[in-house]
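First up is the structure itself, then whatever we jot down about it.
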Amino acid sequence: QVQLVESGGGLVQAGGSLRLSCAASGDTRCISTVGWYRQAPGKERELVAAITSGGTIYYADSVKGRFTISAGNAKNTVHLQMNSLKPEDTAVYYCNVLNSGVNYWGQGTQVTVPS
């Protein structure tokens, strides 16, 4: 079992920045991928960024050049630095880990960028 705790969401004006953090605990020995997803009202959940244990990084086209995913200094922590935020980035952001073939989800953190 893996437990995920997200933090860092909030309300920010367009053009501003936020940093989301995801801290994993429990049996984290076999985590292969950590990803950030988001879900806006009325839309499907989408992958925003992901990082693998081998260091491969993926970004959705909509966030390339604005968002950065990275491993934190604290063990089993991953950050999502979000710059130049836009109203269309408004969503609930979820941390996801793939651990021994099983997906685990955090509770989500709200990011709101007013138009």
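The values are calculated or read from the model by the stated rules, or taken from the named source; none is laboratory data. These numbers come from a predicted model, not from an experiment. Cβ sites come from the backbone with ideal geometry, for glycine too, and all protein chains shown count toward neighbours. Side chains are part of the model used for accessible areas, which takes the heavy atoms of the whole protein and leaves out ligands, DNA and RNA. Shrake-Rupley method; radii C 1.70, N 1.55, O 1.52, S 1.80 Å.
Restricting attention to segment 92-114, the residues that are open to solvent by 10 Å² or more (accessible area, probe 1.4 Å), of a type in the set (A, V, I, L, M) and modelled with pLDDT of 95 or more total 1. Scanning segment 3-50 for residues that are open to solvent by 30 Å² or more (accessible area, probe 1.4 Å) and among the charged types (D, E, K, R) turns up Arg19, Asp27, Arg29, Lys43, Glu44, Arg45, Glu46. Among the residues of segment 59-79, those identified as touching a strand residue (DSSP E or B) at 6+ places or on another chain (Cβ under 8 Å), closer than 23 Å to Arg29 by Cβ and either of a type outside the set (Ser, Thr, Tyr) or at pLDDT 95 or above (or both) are Ile69, Ala71, Gly72, Ala74, Asn76, Val78, His79. If you go through segment 78-111 and keep only what is within 15 Å of Arg19 (Cβ to Cβ) and assigned to a strand (DSSP E or B), you end up with Val78, His79, Leu80, Gln81, Met82, Tyr93, Cys95, Thr109, Gln110, Val111. Scanning segment 77-91 for residues that are crowded, with 17+ Cβ neighbours inside 10 Å and within 10 Å of the chain's Cα centre (by Cα) turns up Val78, His79, Leu80, Met82. Across segment 51-62, the qualifying residues are those that are of a type outside the set (S, T, N, Q) and without any contact (Cβ under 8 Å) to a residue 24 or more places away in the chain, and the one among them that is most open to solvent (accessible area, probe 1.4 Å) is Asp61. Each residue in segment 53-70 was checked for being β-branched (Val, Ile, Thr) and assigned to a loop (DSSP other than H, G, I, E, B), and 2 pass. Here Ala74 passes the criteria (1) closer than 13 Å to Ser21 by Cβ; (2) hydrophobic (A, V, I, L, M, F, W, C); (3) crowded, with 18+ Cβ neighbours inside 10 Å except the one numbered (3).
Scanning segment 1-52 for residues that are acidic (Asp, Glu) and in a strand (DSSP E or B), we see that the one that is farthest from Lys64 (Cα to Cα) is Glu6.
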